[in-house]
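Q: My questions will all concern the structure given below.
The values are calculated or read from the model by the stated rules, or taken from the named source; none is laboratory data. Note that the structure is a prediction, hence the values are computed from the model and not measured. Virtual Cβ from ideal backbone geometry, glycine too; neighbours counted across all protein chains shown. Keep in mind that these areas ignore ligands, DNA and RNA; they rest on the heavy atoms of the full protein, side chains included. Shrake-Rupley method; radii C 1.70, N 1.55, O 1.52, S 1.80 Å.
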Amino acid sequence: MNAISFTTLERGKATVDAASLEALSAQIRGTVLREGDAAYDEVRGIWNGMIDRRPGLIVCCVGASDVVIAVNFARENRLLVCVRGGGHNIAGSAVCDGGLMIDLSLMKSVRVDVAAKRAWVGPGATLADVDRETQAFGLALPTGINSTTGIAGLTLGGGFGWITRKFGLTIDNLVSADVVTADGKLLRASQSENPDLFWALRGGGGNFGVVTAFEFQLHQFGPQVLSGLVVHPFADAAKVLSEYREALETAPDELTCWVVMRQAPPLPFLPAEWHGKEVLVLAMCYCGDAQAGEKATQKLRAIGTPIADVVGLNPFTGWQQAFDPLLAPGARNYWKSHDFTELSDGVVEVTTAAIARLPGPECEIFFGHVGGAAGRVTADATAFPQRSSHFVMNVHARWREPAMDRACIDWARGIYDAARPYAAGTAYVNFMPEDEVDRVEAAYGGNYSRLLEIKQRYDPQNLFRVNQNLRAKEGLRAA
Ligand SMILES: Cc1cc2nc3c(=O)[nH]c(=O)nc-3n(C[C@H](O)[C@H](O)[C@H](O)COP(=O)(O)OP(=O)(O)OC[C@H]3O[C@@H](n4cnc5c(N)ncnc54)[C@H](O)[C@@H]3O)c2cc1C
């Protein structure tokens, strides 16, 4: 093995000699990859095709001891270090140029204790892995809506999806986490052990260490769920959104309904003449008894004159994957998001006008519907601050050709700017692109100063900085 010239924490260069690299490799139970190795490109590749970074070395860990060795090696050599879970972060924070990448994607184990309704989950597991193991025993964890997302990054930022209003955010179901901190120690974080670290991990992202195992509380749920799509012509969008908003005022926690505005993909249940035309989709899910669900979804399904209504009983694991085909890895992606406490007329005007000038067939605007149980946790109970938000808008620009970069990014930014007056001010760190490093402080609202104090205690040198970093100047942009 030859020496490697790495990027350092201070963005300089440092050469690590061959003997040190060989000693590292010999200690690791997993594998060590460098440029030229067969799996190097696959492991450094992530969901967002805009990101193309080349780590100096990748340590593919298979256990906590590998993570300890990798963290110590990075710290002792002052190497820039990045951590890869599922590789879905829009900012590309799983990968850095020239640094040491700690890859956790092989650590996929999910162990369920059926009697205790608990799951122990490895940091390389995807949401699909978690669903598969938990649903096999009639249990579920609230996570996100795209099953190839990594449980690790999703959890550390908060985590919300179809059953969040009933069972809370993913972090509200976190019981404990094993964490390798910057000094190479393996700590347990829970309400009773290192409670400040536990508070910070629940929303504070990858700032505090490398989580090597998550312990979650599960809920009895499934295997079938009343769920599906109601598709409207976009010409009716303003009316549909106004009635949607009204219907949700009395929605029980069991009912979740997201909005998607985009051009219709060629879905088999849509008449061919609608393919490629602008539509508004109500995507709904009832987290409870199907008969009660039929009643609870009535108001939403009675809105306007839909093109299609395919709400029915689906396997929960299938519904969790419903949007996967539209969100497959590899495309170029750029996101802008806001939290809203309500869907005001101003937001409706801004977003519906933007759909009239979509820059491409895969660009879309989502409104995630939250609140419910997630909204009844106080804003300072965990690091995740935006408990009063009812809707999270994600402007999702998605395209294939680099020549479209400018048009798509500008489209997303324009909507973000125009919608800002109606927004809550906080932001979901898991939706922040790499040019939003300066937004991290605002994103955390009243929890920012406590997060900084805890960061200082657990990671004074900011070893974990390739993320939505609490010390913005040292964070992602410079990576
Ligand atoms: C298509 C798509 C759909 C999505 N839908 C939802 C949704 O419905 N709900 C929702 O809440 N979010 C959603 N997200 C956002 C998602 O939560 C974030 O992208 C999240 O960061 C993904 O985690 P990951 O492990 O896959 O990503 P990665 O890019 O691997 O990691 C994300 C960040 O977490 C850090 N990290 C990862 N693992 C660890 C670890 N074990 N210890 C310490 N730090 C770690 C990384 O360094 C990185 O900074 C979606 C994302 C995509 C791309």
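Q: For the range 426-479, name all the residues that are without any contact (Cβ under 8 Å) to a residue 40 or more places away in the chain, part of a loop (DSSP other than H, G, I, E, B) and open to solvent by 10 Å² or more (accessible area, probe 1.4 Å).
A: 471
Q: Continuing with the same structure: Condition test on residue 324, is it of a type in the set (Asp, Glu), at pLDDT 95 or above and under 20 Å from residue 241 (Cβ atoms)?
A: no
Conditions tested, residue by residue: (1) assigned to a loop (DSSP other than H, G, I, E, B); (2) over 30 Å from residue 390 (Cα atoms); (3) touching a residue at least 24 places away in the same chain (Cβ under 8 Å).
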| position | (1), (2), (3) |
| --- | --- |
| 105 | yes, yes, yes |
| 111 | no, yes, no |
| 128 | no, no, yes |
| 134 | no, no, yes |
| 152 | no, no, yes |
| 165 | no, no, yes |
| 175 | no, no, yes |
| 179 | no, yes, yes |
| 187 | no, yes, no |
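Q: Let me spell it out: the conditions are (1) assigned to a helix (DSSP H, G or I); (2) exposed (fewer than 14 other Cβ atoms within 10 Å of the Cβ), and residue 250 meets all of them except one. Which number is the exception?
A: For residue 250, the failing item is (1).
Q: Could you go through the range 69-78 and let me know if any residue there is near the ligand (Cβ under 9 Å from one of its atoms), among the aliphatic types (A, V, I, L, M), crowded, with 24+ Cβ neighbours inside 10 Å and not in a loop (DSSP other than H, G, I, E, B).
A: No.
Q: Looking at 380, 339, which is the one that is closer than 20 Å to residue 445 by Cα and surrounded by fewer than 16 Cβ atoms within 10 Å (Cβ to Cβ)?
A: On inspection, the qualifying residue turns out to be 380.
Q: Mind listing whichever residues of the range 204-236 are more than 9 Å from the ligand (Cβ to nearest atom) and assigned to a helix (DSSP H, G or I)?
A: 234, 235, 236
Q: Where residues in the range 52-68 are touching a helix residue (DSSP H, G or I) at 6+ places or on another chain (Cβ under 8 Å) and not charged (D, E, K, R), which of them is farthest from the ligand (Cβ to nearest atom)?
A: For the range 52-68, the residue satisfying everything is 57.
Q: Follow-up. For the range 99-119, give me each residue that is of a type outside the set (Val, Ile, Thr) and either within 15 Å of the ligand (Cβ to nearest atom) or open to solvent by less than 10 Å² (accessible area, probe 1.4 Å) (or both).
A: 99, 100, 101, 103, 104, 105, 106, 107, 108, 109, 119
Q: With the checklist (1) closer than 20 Å to residue 343 by Cβ; (2) open to solvent by 60 Å² or more (accessible area, probe 1.4 Å) in hand, flag the one item residue 289 doesn't pass.
A: Failing condition for residue 289: (1).
Each row is one residue, and each column tells you yes or no for (1) among the β-branched types (Val, Ile, Thr); (2) under 15 Å from residue 466 (Cα atoms); (3) surrounded by 15 or more Cβ atoms within 10 Å (Cβ to Cβ).
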position	(1), (2), (3)
19	no, no, no
22	no, no, no
31	yes, no, yes
36	no, no, no
55	no, yes, yes
66	no, no, yes
87	no, yes, yes
92	no, yes, yes
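Q: What do you reckon, is residue 360 closer than 30 Å to residue 87 by Cα and not hydrophobic (A, V, I, L, M, F, W, C)?
A: yes
Q: Can we say residue 10 is part of a loop (DSSP other than H, G, I, E, B), on the phi < 0 side of the Ramachandran plot and more than 26 Å from the chain's Cα centre (by Cα)?
A: Yes.
Q: Could you tell me which residue of the range 136-145 is surrounded by the most Cβ atoms within 10 Å (Cβ to Cβ), considering only residues that are in a loop (DSSP other than H, G, I, E, B) and within 16 Å of the ligand (Cβ to nearest atom)?
A: For the range 136-145, the residue satisfying everything is 141.
Q: Filter the range 256-274 for residues that are outside any loop (DSSP other than H, G, I, E, B) and either surrounded by 21 or more Cβ atoms within 10 Å (Cβ to Cβ) or within 28 Å of the chain's Cα centre (by Cα) (or both) and give the result.
A: Result: 256, 257, 258, 259, 260, 261, 262, 263.
Q: Looking at the range 264-283, can you tell me whether even one residue there is under 30 Å from residue 111 (Cβ atoms) and not aliphatic (A, V, I, L, M)?
A: No, the range 264-283 contains no residue that is under 30 Å from residue 111 (Cβ atoms) and not aliphatic (A, V, I, L, M).
Q: If you take the residues in the range 156-194 that are of a type in the set (Ser, Thr, Tyr) and either more than 8 Å from the ligand (Cβ to nearest atom) or open to solvent by 10 Å² or more (accessible area, probe 1.4 Å) (or both), which one is nearest to the chain's Cα centre (by Cα)?
A: 164
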